[in-house]
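Student: Quick one: the structure is below, and I'll ask about it shortly.
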Amino acid sequence: MMSALIAPAPAVYARESWAEIVKSARMPQFIIPTIALPPAFYALFALAMGQGSAEAATRALATFGVFAVMGPALFGFGANIAAERESGQLELKRLSPMPAGAQIMAKLAATAAFSMVAFVLLYGLGLAGGVVLTALQWAMLVGVHTLAIIPFALIGLGIGYRLGQKGAIAVANIVFLAMAVLGGLWMPIAVLPEAMQTIAWALPSYHLGEMALMAAGQREAANLWLHVVPLALTTLAAAVFAWTGERQQAR
Amino acid sequence: MLSHSSPIAALKGATKVYGAHRVLDGFDFALEAGTVTALLGPNGAGKSTVAGLLTGRLRADAGTVNLFGRDPSDPLARARMGIMLQAGGLPETLTVAEAVDLHAGYFARRLPTAAVLDQAGLTALAGRRCDRLSGGEARKVQFALAIAGAPDLLVLDEPTTGFDPDARRAMWDVVCAKAEGGAAVLLATHHMDEAEALADRIVVIADGRIIADGAPDAIKARVAATAIRLRTRLPAERFRAAPGVVKVETVGADLSLLTTAPRLTLEAAFAIDPALQHFEVTGASLEDALANLIQSNRTTALKEAA
């Protein structure tokens with residue numbers, strides 16, 4: 001009798017995820033910059049300025065795939081959740097029988113969906129630019145790029161729970177740029193001053209970029225753990241950042 | 001299952017402290033099925049704290065909160081409750097029908113979307129995006145979300161803000177129908193006419209305590225039951241000592257006497273001012289009654305403190 005009160009969780013998760021995708025897809029001011037920026041930068045920096053070098057195109061594809069995740073994750077989670085919290089929508093969901101994880105899962109699904117669109121555009125440009133990878137290398141590259149969703153989504157979440165919409169957008173922008181430049185996603189960190197290079201070790205973007213380069217056969221994979229361990233630690237820190245932000249909500 | 005007589009929701013000895021301020025201290029309160037209960041009182045009296053504790057929005061610092069025999073955070077309790085918050089945003093880019101359908105989907109006992117839209121008076125706006133609604137229309141959607149799960153407890157916080165009179169009456173009809181169908185309704189409002197039109201029971205809160213609890217008529221009867229309006233040239237002080245009078249007020253060119261013995265007061269008024277021609281006798285409004293209750297509560301509190 002009692003269980004007849006609660007809607008089956010998988011159905012709620014699916015509907016919430018679909019609604020989240022529809023909500024964002026109807027915001028062209030959000031969706032066009034976040035999806036189109038990474039392929040556009042890739043075409044400009046790697047393909048046009050790389051002067052037809054397949055190696056340059058491959059290296060850039062690896063790091064720009066990580067870059068492509070950051071927009072949907074930081075802005076989709078950060079700014080959107082801040083707006084929904086400010087307007088009282090989160091509170092109403094919290095007081096409903098909606099399973100607690102459905103909201104987060106839905107945002108992850110939307111981030112993944114929009115990241116996938118950016119991946120497809122990037123990979124298409126890469127192929128056109130002369131990138132040649134084995135099936136295994138493609139699979140590993142897609143795996144690393146997809147993995148990148150998790151730490152950035154957690155950081156976005158932590159920002160969105162703490163700040164208002166405007167503040168969240170501003171901070172997300174700073175994080176977005178810092179992660180891209182200092183993490184070596186646009187160009188190798190070797191071009192940066194030495195002091196700035198050390199910052200990269202604390203950034204998940206750097207380690208994901210290095211792992212993507214390894215997946216694409218552009219780096220020796222011998223020292224993989226040197227990136228897996230810091231990535232795991234920064235992801236854990238991001239999870240704590242998100243979780244403590246969520247805890248602040250309940251009074 | 002719960003027995004028929006157990007309350008829908010109850011606070012027992014509930015205490016809520018913000019910093020050094022005890023908003024509620026050992027507060028007892030219960031809601032019964034099939035009843036519209038209006039919570040009234042000045043701002044900061046604890047109305048929204050009471051509603052927040054019952055719905056699980058706030059946590060009590062001490063005491064127990066019981067919603068359908070469970071903790072309010074239990075999804076099984078939440079599945080039987082519909083809430084209309086005071087600040088309730090909507091998913092901007094979803095249509096009205098999509099927003100209602102999504103929310104209704106959290107509840108296994110949900111009503112069909114078309115039925116919810118019909119009851120909330122939103123059928124014509126079903127395809128409109130939520131960011132293109134007026135304030136009153138958005139409020140209707142929030143009401144639709146509250147009733148979408150066929151709740152046994154409906155919590156409404158200032159539900160008709162921004163409504164035109166027709167829309168207001170239409171929503172009141174739906175709320176009354178829900179209560180007649182067996183739901184408990186908790187209404188927090190500033191509008192006395194709304195409380196008077198809807199409530200079977202009025203609970204007045206001041207300084208974190210219940211100072212009156214009863215049917216609207218009983219609340220009005222608890223204070224000076226009658227207001228007498230006089231057109232006189234004499235000063236107000238002359239009437240203050242008349243039998244039964246508890247309060248004298250100047251209203252424009254008239255005097256308004258609140259009295260518990262209208263007949264004696266009127267006789268005395270004619271004796272005091274033989275030239276008295278114009279007078280009007282009415283029941284005290286709920287607003288009068290409330291103002292008096294809160295005023296006398298303050299006076300008592302001051303005396304106790306002295």
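The values are calculated or read from the model by the stated rules, or taken from the named source; none is laboratory data. All values derive from a computational prediction rather than experimental measurement. Virtual Cβ from ideal backbone geometry, glycine too; neighbours counted across all protein chains shown.
Student: Could you say which residue among A:THR58, A:THR63 is closer than 20 Å to A:PRO204 by Cβ, β-branched (Val, Ile, Thr), more than 14 Å from chain B (Cβ to nearest Cβ) and more than 12 Å from the chain's Cα centre (by Cα)?
Tutor: Selected residue: A:THR63, the only one of A:THR58, A:THR63 that is closer than 20 Å to A:PRO204 by Cβ, β-branched (Val, Ile, Thr), more than 14 Å from chain B (Cβ to nearest Cβ) and more than 12 Å from the chain's Cα centre (by Cα).
Student: Now a separate question. Being more than 10 Å from every other protein chain (Cβ to nearest Cβ), part of a helix (DSSP H, G or I) and without any contact (Cβ under 8 Å) to a residue 12 or more places away in the chain: is that true of A:VAL120 here?
Tutor: In short, yes.
Student: Also, quick follow-up: Considering only region B:256-294, how many residues are of a type in the set (A, V, I, L, M, F, W, C), over 27 Å from B:LEU40 (Cβ atoms) and not in a helix (DSSP H, G or I)?
Tutor: Number of matching residues: 3.
Student: Keeping to region A:177-201, report how many residues are in a helix (DSSP H, G or I), surrounded by 13 or more Cβ atoms within 10 Å (Cβ to Cβ) and not hydrophobic (A, V, I, L, M, F, W, C).
Tutor: 1
Student: Further question on the same structure: Return the total of residues in region B:49-77 being of a type in the set (A, V, I, L, M, F, W, C), facing another protein chain (nearest Cβ under 9 Å) and surrounded by fewer than 17 Cβ atoms within 10 Å (Cβ to Cβ).
Tutor: Residues meeting the conditions: 1.
Student: Right, another one. Which one is surrounded by the fewest Cβ atoms within 10 Å (Cβ to Cβ), of the residues in region B:78-88 that are farther than 15 Å from B:GLY105 by Cα and touching an Asp or Glu at 6+ places or on another chain (Cβ under 7 Å)?
Tutor: Filtering first and then ranking leaves B:GLN86.
Student: Considering A:PRO39, A:PRO33, which residue is at pLDDT below 90, assigned to a helix (DSSP H, G or I) and more than 14 Å from chain B (Cβ to nearest Cβ)?
Tutor: A:PRO33
Student: On to the next question. Output the number of the condition that B:ARG80 fails; it satisfies all remaining conditions of (1) farther than 19 Å from B:GLY149 by Cβ; (2) within 14 Å of another protein chain (Cβ to nearest Cβ); (3) basic (Lys, Arg).
Tutor: Here B:ARG80 clears every test but (1).
Student: With (1) farther than 29 Å from B:ALA14 by Cα; (2) of a type in the set (A, V, I, L, M, F, W, C); (3) crowded, with 16+ Cβ neighbours inside 10 Å as the list, and B:ALA206 as the residue in question, which single condition is left unmet?
Tutor: Evaluating B:ALA206 over (1) farther than 29 Å from B:ALA14 by Cα; (2) of a type in the set (A, V, I, L, M, F, W, C); (3) crowded, with 16+ Cβ neighbours inside 10 Å leaves (1) as the failure.
Student: From the set of residues in region A:1-17 that are out of contact with any helix residue (DSSP H, G or I) (no Cβ under 8 Å at 6 or more places or on another chain) and buried (at least 16 other Cβ atoms within 10 Å of the Cβ), which is nearest to the other protein chains (Cβ to nearest Cβ)?
Tutor: The extreme case among them is A:ALA7.
Student: Residues that are farther than 21 Å from B:ALA51 by Cβ and more than 7 Å from every other protein chain (Cβ to nearest Cβ): does region B:88-95 have at least one?
Tutor: yes
Student: Checking the condition at pLDDT 85 or above and either under 30 Å from B:ALA184 (Cβ atoms) or more than 30 Å from the chain's Cα centre (by Cα) (or both), which residue from B:LEU286, B:LEU198, B:LEU293, B:LEU257 passes?
Tutor: Matching residue, one of B:LEU286, B:LEU198, B:LEU293, B:LEU257: B:LEU198.
Student: If I filter region A:154-167 for residues that are surrounded by fewer than 18 Cβ atoms within 10 Å (Cβ to Cβ), among the small types (Gly, Ala, Ser) and outside any helix (DSSP H, G or I), do I get at least one hit?
Tutor: yes
Student: Filter region B:171-196 down to the residues that are among the small types (Gly, Ala, Ser) and surrounded by fewer than 17 Cβ atoms within 10 Å (Cβ to Cβ) and list them by number.
Tutor: Passing the criteria: B:ALA177, B:GLY181, B:GLY182.
Student: Same structure again: Out of A:LEU108, A:LEU127, A:LEU133, which single residue is touching a helix residue (DSSP H, G or I) at 6+ places or on another chain (Cβ under 8 Å) and either in a helix (DSSP H, G or I) or of a type in the set (S, T, N, Q) (or both)?
Tutor: It is A:LEU108.
Student: Just to be sure before I move on: is B:GLU137 facing chain A (nearest Cβ under 10 Å) and not in a loop (DSSP other than H, G, I, E, B) in the structure I sent?
Tutor: Considered against the rule, which asks whether it is facing chain A (nearest Cβ under 10 Å) and not in a loop (DSSP other than H, G, I, E, B), B:GLU137 comes out as no.
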